[in-house]
1. Residue 213 fails exactly one of the following numbered conditions: (1) assigned to a helix (DSSP H, G or I); (2) away from the ligand (no atom under 16 Å from the Cβ); (3) modelled with pLDDT of 95 or more; (4) not β-branched (Val, Ile, Thr). What is the number of that condition?
2. What about residue 231, is it among the aliphatic types (A, V, I, L, M), away from the ligand (no atom under 16 Å from the Cβ) and without any contact (Cβ under 8 Å) to a residue 60 or more places away in the chain?
3. Would you check which residues across the range 173-195 are within 16 Å of the ligand (Cβ to nearest atom) and aliphatic (A, V, I, L, M) and list them?
4. Residues 66, 103: which one is within 16 Å of the ligand (Cβ to nearest atom), surrounded by 15 or more Cβ atoms within 10 Å (Cβ to Cβ) and at pLDDT 95 or above?
5. Test each condition in (1) of a type outside the set (Gly, Ala, Ser); (2) more than 16 Å from the ligand (Cβ to nearest atom); (3) surrounded by 14 or more Cβ atoms within 10 Å (Cβ to Cβ) for residue 198 and report the one that comes out false.
6. So residue 172 fits all but one of (1) surrounded by 21 or more Cβ atoms within 10 Å (Cβ to Cβ); (2) over 18 Å from the mean Cα position of the chain (by Cα); (3) of a type in the set (Phe, Trp, Tyr); what number is the exception?
7. Out of the strands (runs of 3 or more DSSP E) lying entirely within the range 120-189, which hold 1 or more residues that are farther than 18 Å from residue 108 by Cβ and touching a His at 6+ places or on another chain (Cβ under 7 Å)?
8. If we keep just the residues of the range 130-169 that are away from the ligand (no atom under 14 Å from the Cβ) and hydrophobic (A, V, I, L, M, F, W, C), which is farthest from the chain's Cα centre (by Cα)?
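The values are calculated or read from the model by the stated rules, or taken from the named source; none is laboratory data. Quantities reported herein were computed from a predicted structural model and do not represent experimental measurements. Using ideal geometry, Cβ is built from the backbone for each residue, glycine included, and neighbour counts are taken over all protein chains shown.
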Amino acid sequence: MFFAGIDVGGTTVKSTIMNEFGRIVYQSTIGSVKGDPDQLAANIAAGLSGFRSPITAAGLSCAGKVNRETRLITATNLKWLEVPFEAIMEDALGCPVTADNDVAGALYAESRVGACVGEQYVAYISLGTGIGGAFLVDGKPFRGYNNTGGEIGHMITHAGGKPCPCGGKGCFEQYASSSSMTRRAGVPVREIFRQVRNGNPEMIALLDDYVHELCIGLAGIVHIFGPHMVVLGGGIGSAGEILVSRVREEMERNCPSLPHSPMPLFVAAQLGNLAGSVGGCFLAGDMVGVPIHVEDMDALLKARA
Ligand SMILES: [Zn+2]
């Protein structure tokens, strides 16, 4: 049996096909299409057409708000308002399709095979162009009404601060997303971390400022959810320990109220850019009652970009 996991973002769409033993048998990355879900579905299907065996089921990790009752998806960065994308993809692929939010999908993958296996209380923070959040509470995904919770990027961390496309002022993601960092540095995230490793004092100061901003938001999240583990994912999370160690120090320095309860464990996500599509594969397997058991974890991790 083969399961497709499809990570649908505003810029790219990454698809992974796995068998029921968690072996990746096919991967495809295509450019995204805004405002035309039928065209996007056709492009995704074309991207998967190089795989010749029938796909049993597919799971979408999709940007935006995924209403799991109505099966309609609203995603600003895809220019979708209540699009029945699960049904559109079922027609395009000819198999059953299920969907969840992309950050929820990434957390699901990390909780099955990545950074937070066996954890019951997790905050997963996706630090990319924007900031997304997904949470495990009592071992179950926290969803909010109609699966609209977790929009931590639009939590206000600076009252009356920088304007955000959402209409708010001072949203967390205006201060702690990768775009906020690269805007200041004038170089991509990867380059910032390379220069930090080389000891460039300017970039170290910039990273420290960034971590300070990040921890303002994290402090609020930790106070509300009381996670045992905080997983930092997305483009910036992939920097790993160089980021995570600074976050630990900053949280201990600037969150004096937290030591009353134990400080959560801060860790980097493990699945990198595979998390969303791998989470989609797991969702697909669950949907048809064939939970995927990954037999060779090393082979899976090698497939990361
Ligand atoms: Zn906002």
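1. (2)
2. Considered against the rule, which asks whether it is among the aliphatic types (A, V, I, L, M), away from the ligand (no atom under 16 Å from the Cβ) and without any contact (Cβ under 8 Å) to a residue 60 or more places away in the chain, residue 231 comes out as no.
3. 176
4. Numbers: 66 fails: within 16 Å of the ligand (Cβ to nearest atom).
Answer to the selection: 103.
5. Here residue 198 meets the rest and fails (3).
6. (2)
7. Here the list is empty.
8. Of everything passing the filter in the range 130-169, 137 is farthest from the chain's Cα centre (by Cα).
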